[in-house]
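Student: Attaching a single structure in structure tokens format; questions to follow.
The values are calculated or read from the model by the stated rules, or taken from the named source; none is laboratory data. Since the structure is predicted, the reported quantities are computational estimates derived from the model, not experimental observations. All Cβ positions, even for glycine, are placed from backbone atoms using ideal geometry, and neighbour counts span all protein chains on display. Accessible surface is based on the protein model in full, side chains and every heavy atom, while ligands, DNA and RNA are left aside. Shrake-Rupley method; radii C 1.70, N 1.55, O 1.52, S 1.80 Å.
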Amino acid sequence: MVKICCIGAGYVGGPTMAVIALKCPSIEVAVVDISISRITAWNSDQLPIYEPGLEEVVKQCRGRNLFFSTNVEKHISEADIIFVSVNTPTKTRGLGAGKAADLTYWESAARMIADVSKSNKIVVEKSTVPVKTAEAIEKILSHNSKGISYQILSNPEFLAEGTAIQDLLNPDRVLIGGRETPGGQKAIKALKDVYAHWVPEDRIISTNLWSAELSKLAANAFLAQRISSVNAMSALCEATGADVSEVSHAIGKDSRIGPKFLNASVGFGGSCFQKDILNLIYICECNGLPEVANYWKQVIKVNDYQKNRFVNRVVASMFNTVSGKKIAILGFAFKKDTGDTRETPAIDVCKGLLGDKASLSIYDPQVTGDQIQREISMNKFDWDHPVHLQPMSPTSVKQVNVVWDPYEATRDAHGICILTEWDEFKTLDYQRIFNNMQKPAFVFDGRNIVNIEKLREIGFIVYSIGKPLDPWLKDMPAIA
Ligand code: NAI
């Protein structure tokens, strides 16, 4: 029986391994982590992450051929194939701080593999890593090999949070990079055989190691670039009276462009886009390509600009001050159908409003008060380090109140900011909300999900990104 071990039971390791276990009953899959609380949660009824369809898959396989464990050494030593799916945050200190990937967790996983292995292993990079990480890992393993042979493969993960299970069951492609040696090719074949249980062969692409590593960074950079491109257009639409949804629809009909990832919003978030682009920028700079680095930097700058622009719209519309005013924040996760708040634009928007002394009342169906307080009080880039390495009890921000009901959040509020596109926000009773708010009552829709006309009929002043401006907002400056 083939045995797989995955190091790192996070947003990637957990769902990916659950789907492998589901589709390959003949393979035993163990997911290990140094975080006891995470493993305990994976073994409980309350999984540590929210992902539609995940619970059903885990319940079907757990205890059969899917195991979650903190016994890292045992499972590594028994495995034929080891996936490494640990976090690869942006470095906060030292060389490349603020840009380069911090490979501390990766390196310690590699050293653990070298320490405990007694048989040949295929080591698969699942984490997103800088180009040539495989080479570094190879060096660590071969210098500590004790006669054991290691093959390193790069198998970057393209799942999107919120649709992870669907993405894993039906991937556009699976990418496997490996050495062009007979040993490398044999390892590629072994991993291909795992995916071939459910992925059509023409969707399994094999490349050299560096192409696979770079393709992951490039894919995220291209996706984020589309969001920044449409967000840049949204500012121009507001200035000219064009409607960004109409522009998106028109350009998306061009089959060379396509309709996806063309929604204007308050900005992209999530653990990957910014981190991976920063990583790409660092690689470009290290390779003497400052023009290329600057090109990608602009994608992040436009994202920051969009968040600032949103905050400025809110403050400017409300007589240039939100001091002491209650603002309801609907949605804190970086997108719908996930509880993940890493790098969510809500953090910067909330910080911006708090900077103008607003009092915030936040509601998100999947995010706890503790998590929100932690995000708002944490320094940039701290979030991607495991919770046990983060400050234990961040001082809770006094002007932030987290509630479990959207009507409670909006009661007596002066304005509402919609920051996540949760479906439930489309069908709220906005008349009831309006009746219980201070007047004039404002809605700032950062995800373009509300029916603007209906809300205006009720009496709201509405700002929607990239849409023709409410007369109220026309003379309000919103430049960052
Ligand atoms: P995560 O932070 O949710 O999970 C990583 C886990 O690794 C944590 O539970 C941590 O305790 C564990 N860990 C760290 N060092 C360890 C060690 N030495 N031994 C055992 N466990 C260890 O991170 P996530 O989101 O799953 O991301 C993992 C990687 O996948 C990152 O490189 C990320 O860039 C990449 N990725 C993430 C995607 C996402 O949507 N979240 C999508 C595609 C790739």
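Student: Just the residues that are open to solvent by 20 Å² or more (accessible area, probe 1.4 Å) and not β-branched (Val, Ile, Thr), please, taken from segment 251-274. Spell out how you get there, then give the answer.
Tutor: First, pick out the residues of segment 251-274 that are open to solvent by 20 Å² or more (accessible area, probe 1.4 Å): 251, 253-257, 259-261, 263, 272-273.
Across segment 251-274, the qualifying residues are Lys253, Asp254, Ser255, Arg256, Pro259, Lys260, Phe261, Asn263, Cys272, Phe273.
Student: What is the number of the single condition among (1) in a strand (DSSP E or B); (2) in contact with a helix residue (DSSP H, G or I) (Cβ under 6 Å, 6 or more places away or on another chain) that Asn220 does not meet?
Tutor: If we test Asn220 against (1) in a strand (DSSP E or B); (2) in contact with a helix residue (DSSP H, G or I) (Cβ under 6 Å, 6 or more places away or on another chain), just (1) comes out false.
Student: Can you find even one residue in segment 68-78 that is more than 29 Å from Pro365 (Cα to Cα), within 9 Å of the ligand (Cβ to nearest atom) and at pLDDT below 95?
Tutor: no
Student: Mind counting the residues in segment 12-37 that are within 14 Å of Ala79 (Cβ to Cβ) and within 13 Å of the ligand (Cβ to nearest atom)?
Tutor: Final tally of qualifying residues: 5.
Student: May I ask you to verify whether Ile49 is of a type in the set (A, V, I, L, M) and either surrounded by 22 or more Cβ atoms within 10 Å (Cβ to Cβ) or away from the ligand (no atom under 15 Å from the Cβ) (or both)?
Tutor: no
Student: For Glu213, all conditions in the list (1) within 16 Å of the ligand (Cβ to nearest atom); (2) in the same structural domain as Thr341 (by the TED database) hold save one; what is the number of the exception?
Tutor: Here Glu213 meets the rest and fails (2).
Student: Is there any pair with a first residue in segment 358-369 that is within 23 Å of Ser323 (Cβ to Cβ) and a second that is small (Gly, Ala, Ser) whose Cβ atoms are under 6 Å apart and which are 6 or more apart or on different chains, and what are they?
Tutor: The qualifying pairs are Ser361/Ala328; Ser361/Ala409; Tyr363/Ala409.
Student: Has segment 52-61 got any residue that is within 13 Å of the ligand (Cβ to nearest atom) and of a type in the set (S, T, N, Q)?
Tutor: no
Student: Counting only residues that are within 15 Å of the ligand (Cβ to nearest atom) and over 21 Å from Pro200 (Cα atoms), give me the strands (runs of 3 or more DSSP E) lying completely in segment 81-186 with at least 1 of them.
Tutor: Hits in segment 81-186: 81-84, 121-125.
Student: If you take the residues of segment 332-373 that are in a loop (DSSP other than H, G, I, E, B) and among the polar types (S, T, N, Q), which of them is nearest to the ligand (Cβ to nearest atom)?
Tutor: Thr338
Student: Return yes when Lys297 is open to solvent by 50 Å² or more (accessible area, probe 1.4 Å) and either of a type in the set (D, E, K, R) or within 16 Å of the ligand (Cβ to nearest atom) (or both) and no when it is not.
Tutor: Considered against the rule, which asks whether it is open to solvent by 50 Å² or more (accessible area, probe 1.4 Å) and either of a type in the set (D, E, K, R) or within 16 Å of the ligand (Cβ to nearest atom) (or both), Lys297 comes out as yes.
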